[in-house]
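In what follows, a single structure is set out as structure tokens and then discussed.
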Amino acid sequence: MKQFERRLRSEKALLHAASELIDEVGCSKTTLSMIMNRTGLSKGAIYHYIKSKDDLLAMVLEEKIQETNETFLKRMGSSGEDMMDPAIVLAESFSAMNDSSGIVNQILLYFTGRNDTKTARNALRAFDHYMVEFSRFWILSGQKNGVISSEVAAGQAAEFLVVMASGLRMRNIHGGSDYVFEFEQFHGMMKRLFKGEPVLVHK
């Protein structure tokens, strides 16, 4: 039991240190030496848990995904009356893609530039799969509770949302700040997509 607890503490320390350093200096400048200094773990101990820096960043990305999932699941009501408007939840989650300083976005952009490596490629695919499934789950839940039109094709709508999110994320590379497509517009589009006159419907 002690060995298991020690492993959990060490992994938590690695993830916490990596997150702090990414926030402070970015992915590219974060090094395993910096991780060692921040955690007090030896090089051998660190390589006992990870194979490379990219491996650690993939673990951080997975942790952030789980945290996001838990946050939004808490906002899932047990009935149609207390379920938060899916259009708002999805608009908020995807508009967060505009935060170029966010840890998730920093890792995703870093991995995009390293897509020729297996770790980066797998991490990007896993994130894309998660986003599609998360969106689909939320849409289906909204339909079950009567707050999203049953005519909406959940799979198609989920794919569309992920394409939108990817576009927002890539646009951040250019660092512009004068965009006019903001949360209000995104929310309005979500309401149109899910309620008023559904566009992506079952054939």
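The values are calculated or read from the model by the stated rules, or taken from the named source; none is laboratory data. These numbers come from a predicted model, not from an experiment. No Cβ is skipped: glycine too gets one built from the backbone with ideal geometry, and neighbour counts run over all protein chains shown.
Points to keep in mind about this one:
- When residues of region 49-89 are limited to those that are surrounded by 16 or more Cβ atoms within 10 Å (Cβ to Cβ) and of a type in the set (Lys, Arg), the one modelled with the lowest pLDDT: Lys64
- Filter result for Asp23 (in the same structural domain as Ala165 (by TED's automatic domain parsing), more than 13 Å from the chain's Cα centre (by Cα) and modelled with pLDDT under 95): no
- Reported count of residues in region 152-181, each being at pLDDT 85 or above and of a type in the set (Gly, Ala, Ser), is 5.
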